[in-house]
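The values are calculated or read from the model by the stated rules, or taken from the named source; none is laboratory data. Just so you know, these numbers come straight off a predicted model, no measurement behind them. Counting neighbours? That spans all protein chains shown, and the Cβs are built from the backbone with ideal geometry, glycine included. Just the protein is used for accessible areas: all its heavy atoms, side chains included, with ligands, DNA and RNA removed. Shrake-Rupley method; radii C 1.70, N 1.55, O 1.52, S 1.80 Å.
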Amino acid sequence: MEISKNSVLQQTNSSSMSEATQRSCEPRRKKAEDRSAPSEMARIITDAATGKCYCRGKVLGKGGFAKCYEMTDLSTGKVYAAKIIPHARVSKPHQREKIDREIELHRALHHKHIVHFYHYFEDKENIYILLEHCSRKSLAHILKARKVLTEPEVRYYLRQIVSGLKYLHEQEILHRDLKLGNFFVSESMELKVGDFGLAAKLEPAGNRRKTICGTPNYLSPEVLNKQGHGCESDVWALGCVMYTMLLGRPPFETTNLKETYRCIREARYSLPSSLSLQAKQLIASLLAKIPEDRPNLDHILRHDFFTQGFSPERLPPSCCHSAPDFHVSSPAKSFFKKAAAALFGGRRDKVKYYETLNKLTKEEEIYKLQHDLEKTVISQQSKKTSENGSPLPPSGCPVALATESQSATTQDTIRLIVRGSLGSCSSSSECLEDSTTGSVAETVASMLRGCLENMPKANDTPQALNGCNLQWVTKWVDYSNKYGFGYQLSDHTVGVLFNNGTHMSLLPDRKTIHYYAELGQRSVFPTCEVPEHFVGQVTVLKYFSHYMEENLMDGGDLGTVTDAHLPRLYLLQWLKSDRALMMLFNDGTFQVNFYHDHTKIILCCQRDEYVLTYINEERVSKTFQLSSLLTSGCPTDLRQRMVYSLNMLLQRCS
Ligand code: ADP
């Protein structure tokens, strides 16, 4: 986000400079086009009161009095939507009063779903109103590209419209011109109600003005009958908006105005059978002829249309031009299908059942997948029996570790199966790792080797440390035959090292994502504003998270950590042999999980001291200073596992 803002600033700065010095170089044709606009409107506009300079950019749209431009504050780089109204256009007192009223009313509004009013100033030629810039234009633009919207999208937008409208009504303000063109959409696909040109204070029923100066788009029967505009008339307009979004045309549209008005007065319109029952019922109640029969805003949100249908929390920007696939993107769907296949042990009937999901409508699919499939999977794969390490994928089926006597202590007994690294495509035949990953691995290997080579043979167990607060992998899922390797840390961070060599972490707050394409190069974005090109990866990340949360048990008694000061761990490399899984993290934390008996070794550096944690077969953990293991020795089972772990580390790139 920051980068794009800076680039906007740079662009506007350079364009403004050339504008100031070379204005005469503008093509003639452009000047002719602008003749209807205020002549020679300056490109650099100064607010005399504050001294701030703005650069006028491209035209966003044209309104009744105003033309709307992109306008950049040259001191901050912030981009606004600026309504520029030539004084000449509002020279009559009633016109000027109308603008002043709109400014007074709008500037007092502060709500997430209302276009924000930032600032207003005037110069000799124009009035300038600086508004929140809604880069995805309006629902009218979206509908034009899409023709119709899906019911989940309509729920998504309507919820936000109702939220903004509820705020307006609480301020005793009626919008009086709710229409798709006045619902603006921000960069992050949030809806903002705008254009308060016809808005007015709510008056008691008897006192209401009977006419509106201007033409609201969706006139209600009572407004047509000159009974005045109340909150219910805004609700009527919502009904028209909902209808138009779902069917691509307004409910009252005939070839002549007289007929249209007659239909409105009688509340006569058609409800095609393509709509769901709940949608039809809600539209019918919103378009009730008698205002008092219409639901209030709270009732609307409690209607079956909202409570019984899937309502996405956010929409990807691709929804501006094509129908969404919602949360269940194809990769995620296939993820669950594979999961079902693995969990049901290949029972064809069940797998077939999930395959039928493909034939359902998007919405039914969501339901089936989220409520049906997941629940079934969870109950079939009882939490009691599922150990971390995933029952899931074909390549992830744990392989029994050799018995103690066969246990690997030399390099040549390690059979590598599969691996992945940050910054390179995973492959079992090459290792294109980053040199930094290599040096992290070398440091860990030298610590472990130093300890093993100098440790006495004694079977003693040194004194364990108390209260160690360490980060370790409590759950993992290898789905690298398709997407990558996922894991959950003890602080509940979920990470996925994707097959393309990139890494994503979903932080414990579940609202923040960290993205790494290589070691140390982090991008941060909130889950509600996922850049378009990351939407697929984030979907997979969330499903990994959900899957592990619901299906896998923690792999030991170490518990969770919530220490905000601990470093943020992310996986640099993972490697699976036929006996164990090895994971190496950015801060040098190194963990090896042995499949057959669920024992684990975690080596990490705490306050300049290396400590080794061993989780035994009973899932009981003990943490030792590496230096005390070095002096006192350790039991054979731990030593053998340390040797095997070191060998895995040394063979990472073989
Ligand atoms: P009208 O009142 O006739 O709808 P406006 O002056 O409110 O006209 O807006 C004119 C056009 O400018 C809109 O149709 C829209 O395309 C664009 N526009 C207005 N406000 C914004 C905004 N906040 N962000 C982006 N574009 C906007």
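Per-structure values
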{"item": "Surface share of carbon and sulfur [accessible, 1.4 angstrom probe, percent] for segment 593-654", "result": "49 percent"}
{"item": "Burial order of peptide ranges 45-56, 452-463, 537-548, 142-153 (average beta-carbon count within 10 Å, highest first)", "result": "537-548, 142-153, 45-56, 452-463"}
{"item": "Segment 126-184, accessible surface, carbon-and-sulfur percent (1.4 angstrom probe)", "result": "51 percent"}
{"item": "Equivalent ellipsoid dimensions for segment 173-305 as semi-axes, Å, which come from the Cα gyration tensor, largest first", "result": "22, 19, 16"}
{"item": "Cα centroid of segment 565-612 to Cα centroid of segment 244-270, whole Å", "result": "66 Å"}
{"item": "Surface per residue (accessible, 1.4 Å probe) for segment 42-170, Å²", "result": "45 Å²"}
{"item": "Estimated vicinal HN-Hα couplings, Hz - segment 619-633 in sequence order (Karplus 6.51, -1.76, 1.60; Gly, Pro = x)", "result": "6, 8, 9, 9, 10, 10, 6, 4, 5, 7, 5, 4, 8, 9, x"}
{"item": "Sorted peptide list for 606-616, 180-190, criterion being average Cβ within 10 angstrom, highest first", "result": "180-190, 606-616"}
{"item": "Amide H within-cut-off set for residue 596, under 5 Å, with H built and near neighbours excluded", "result": "401"}
{"item": "Surface accessible to a 1.4 Å probe, residue 94 within the full protein complex, Å²", "result": "120 Å²"}
{"item": "Inverse mean reciprocal Cα-Cα distance (Kirkwood Rh) of segment 37-191, Å", "result": "16.7 Å"}
{"item": "Solvent-accessible area, 1.4 Å probe, carbon plus sulfur percent, for segment 249-317", "result": "50 percent"}
{"item": "For segment 441-504 and segment 67-119, distance of Cα centres in Å", "result": "57 Å"}
